[in-house]
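Below is a structure I'd like to ask you about.
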Amino acid sequence: MSIFKTVLAAALAATLATGVAVAPALADTPGKDWMPIDQVLTKLTEAGYGSVRSIEADDGVWKAKASRDGRSVKVQIDPQTGAIAEKAGKPGDD
(Lines give C-alpha, C1' and ligand atoms only; values in the text may rest on other atoms or scores of the structure.)
Protein backbone atom coordinates (compact mmCIF):
# COMPACT_ATOMS: atom_id res chain seq x y z
CA MET A 1 0.00 0.00 0.00
CA SER A 2 1.41 3.39 -0.93
CA ILE A 3 2.02 6.13 1.64
CA PHE A 4 -0.85 8.16 0.14
CA LYS A 5 -3.33 5.31 0.52
CA THR A 6 -2.14 4.65 4.08
CA VAL A 7 -2.59 8.31 5.06
CA LEU A 8 -5.98 8.46 3.34
CA ALA A 9 -7.16 5.29 5.10
CA ALA A 10 -5.97 6.62 8.49
CA ALA A 11 -7.75 9.95 7.95
CA LEU A 12 -10.97 8.21 6.95
CA ALA A 13 -10.80 5.92 9.98
CA ALA A 14 -10.24 8.89 12.31
CA THR A 15 -13.18 10.78 10.80
CA LEU A 16 -15.51 7.80 11.12
CA ALA A 17 -14.37 7.16 14.69
CA THR A 18 -15.35 10.69 15.73
CA GLY A 19 -18.74 10.34 14.06
CA VAL A 20 -18.30 13.48 11.97
CA ALA A 21 -18.97 11.76 8.66
CA VAL A 22 -21.95 9.71 9.82
CA ALA A 23 -23.69 12.02 12.31
CA PRO A 24 -27.00 13.38 10.99
CA ALA A 25 -27.47 17.15 10.94
CA LEU A 26 -30.23 17.49 13.54
CA ALA A 27 -29.68 21.18 14.23
CA ASP A 28 -31.93 22.09 11.31
CA THR A 29 -34.80 19.79 12.28
CA PRO A 30 -37.55 20.81 14.72
CA GLY A 31 -37.42 18.78 17.93
CA LYS A 32 -40.27 16.67 19.25
CA ASP A 33 -41.04 19.19 22.00
CA TRP A 34 -41.03 22.25 19.69
CA MET A 35 -44.13 24.33 19.09
CA PRO A 36 -45.51 23.84 15.57
CA ILE A 37 -44.59 26.33 12.87
CA ASP A 38 -48.17 27.68 12.65
CA GLN A 39 -47.98 28.56 16.34
CA VAL A 40 -44.67 30.37 15.69
CA LEU A 41 -46.38 32.41 12.97
CA THR A 42 -49.19 33.27 15.40
CA LYS A 43 -46.66 34.41 18.05
CA LEU A 44 -44.91 36.63 15.51
CA THR A 45 -48.19 38.17 14.33
CA GLU A 46 -49.36 38.80 17.91
CA ALA A 47 -46.02 40.50 18.66
CA GLY A 48 -46.50 42.93 15.78
CA TYR A 49 -44.35 41.32 13.10
CA GLY A 50 -45.77 41.31 9.59
CA SER A 51 -44.80 40.12 6.14
CA VAL A 52 -43.16 36.98 7.51
CA ARG A 53 -40.98 35.84 4.62
CA SER A 54 -39.51 32.69 6.14
CA ILE A 55 -39.50 30.52 9.24
CA GLU A 56 -36.99 27.71 9.66
CA ALA A 57 -35.46 25.51 12.32
CA ASP A 58 -31.78 26.34 12.74
CA ASP A 59 -29.24 25.93 15.54
CA GLY A 60 -31.83 24.81 18.08
CA VAL A 61 -34.27 27.69 17.57
CA TRP A 62 -36.87 28.86 15.10
CA LYS A 63 -35.46 31.66 12.92
CA ALA A 64 -37.65 34.01 10.91
CA LYS A 65 -37.38 36.94 8.55
CA ALA A 66 -40.18 39.47 8.84
CA SER A 67 -40.91 43.18 8.98
CA ARG A 68 -41.70 45.42 11.92
CA ASP A 69 -42.08 49.17 12.14
CA GLY A 70 -41.29 49.50 8.43
CA ARG A 71 -37.98 47.65 8.52
CA SER A 72 -36.81 44.13 7.72
CA VAL A 73 -35.73 42.14 10.77
CA LYS A 74 -34.43 38.71 11.67
CA VAL A 75 -35.78 37.09 14.81
CA GLN A 76 -35.17 33.99 16.84
CA ILE A 77 -38.05 32.24 18.55
CA ASP A 78 -37.56 29.90 21.49
CA PRO A 79 -39.06 26.60 20.32
CA GLN A 80 -40.63 25.76 23.70
CA THR A 81 -41.72 29.14 25.12
CA GLY A 82 -42.24 31.19 21.97
CA ALA A 83 -40.11 34.03 23.36
CA ILE A 84 -38.95 36.28 20.52
CA ALA A 85 -35.50 37.84 20.31
CA GLU A 86 -34.81 40.30 17.52
CA LYS A 87 -31.38 40.06 15.96
CA ALA A 88 -29.48 43.07 14.72
CA GLY A 89 -29.11 42.88 10.98
CA LYS A 90 -27.00 44.63 8.41
CA PRO A 91 -28.67 47.32 6.31
CA GLY A 92 -30.33 45.67 3.32
CA ASP A 93 -29.91 42.22 4.91
CA ASP A 94 -33.15 40.41 4.10
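What are the residues whose amide H is under 5 Å from the amide H of TRP62, where those residues sit 5 or more places off or on another chain and H is modelled from the backbone?
ILE77
Same structure, new question: Please list GLU56, GLU46, GLU86 from largest to smallest accessible area, probe radius 1.4 Å, with all protein chains kept in place. Present the calculation step by step, with values, prior to reporting the outcome.
Numbers: GLU56 100, GLU46 145, GLU86 75 Å².
Heavy-atom accessible area, descending, gives GLU46, GLU56, GLU86.
The values are calculated or read from the model by the stated rules, or taken from the named source; none is laboratory data. From a predicted model like this one, the values you see are computed outputs, not experimental measurements. Heavy atoms of the whole protein, side chains included, go into the accessibility calculation; ligands, DNA and RNA do not. Shrake-Rupley method; radii C 1.70, N 1.55, O 1.52, S 1.80 Å.
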